[in-house]
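Structure record follows, encoded as structure tokens.
The values are calculated or read from the model by the stated rules, or taken from the named source; none is laboratory data. Just so it is clear, the structure is predicted and the values come from calculations on it, not from any experiment. These accessible areas exclude ligands, DNA and RNA; they are computed on the full protein's heavy atoms, side chains included. Shrake-Rupley method; radii C 1.70, N 1.55, O 1.52, S 1.80 Å.
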Amino acid sequence: GVLVGAGATARISIALGRKDMHSASEVLGNALILLLINASIYICFFGIFIDPILRAFGASDATLPYARDFILWMLPGLLMTNLAFGFNNIMRASGYPQRAMMTMIMGALINLALAPLFIFVFDMGIKGAAIASDIAMTCSMIFVMAHFMRKDSNLHFTRGIYRLKLRVVIGIVSIGAAPALVNAASC
């Protein structure tokens, strides 16, 4: 999400600064496709190699079942998280910083309300925490994606912007690579 979100944000900012709405829209459409592709790849990768990955991050025999249960329930929500975070950056760069802030605050508050409810009231344990996160990220994703579907938004989804173009993809990835590597290293 950081790779595409940060790279697309910079490219969209450059295009908007030049008043080139066509290029900004192309980046928006390519970002959507790249985020969907990336999320699909890493969700499949995590699903296949879940135990080795959890072991690499320090899961012991005692904690592995809990970690696996949490991650298995989180995997479907990673697509929504990827879209919410990636397009939140684009929303901010396209002139809507308050709305972008509301996207993240809304997700955090929903998660804060649902997690204790699912964990303690519905007695779902770690699975409940994951489901609460999935629901919160889905709400954030719906909010941010709805913004780009609105015709009154200065940058919105339109026909003809979803075909991946090599120059656009290289532009997104070349800028997004550094922040993505920093994020991966900090994780």
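Details
- Whichever residue in segment 61-110 is of a type in the set (S, T, N, Q) and open to solvent by 60 Å² or more (accessible area, probe 1.4 Å) and, among such residues, is nearest to Lys19 (Cα to Cα): Gln98
- In segment 12-25, residue least open to solvent (accessible area, probe 1.4 Å) [restricted to those that are part of a helix (DSSP H, G or I) and over 13 Å from Met91 (Cα atoms)]: Ala15
- If you check Ile170, Ile161, Ile142 for being open to solvent by 30 Å² or more (accessible area, probe 1.4 Å) and over 15 Å from Gly86 (Cα atoms), only one passes: Ile170.
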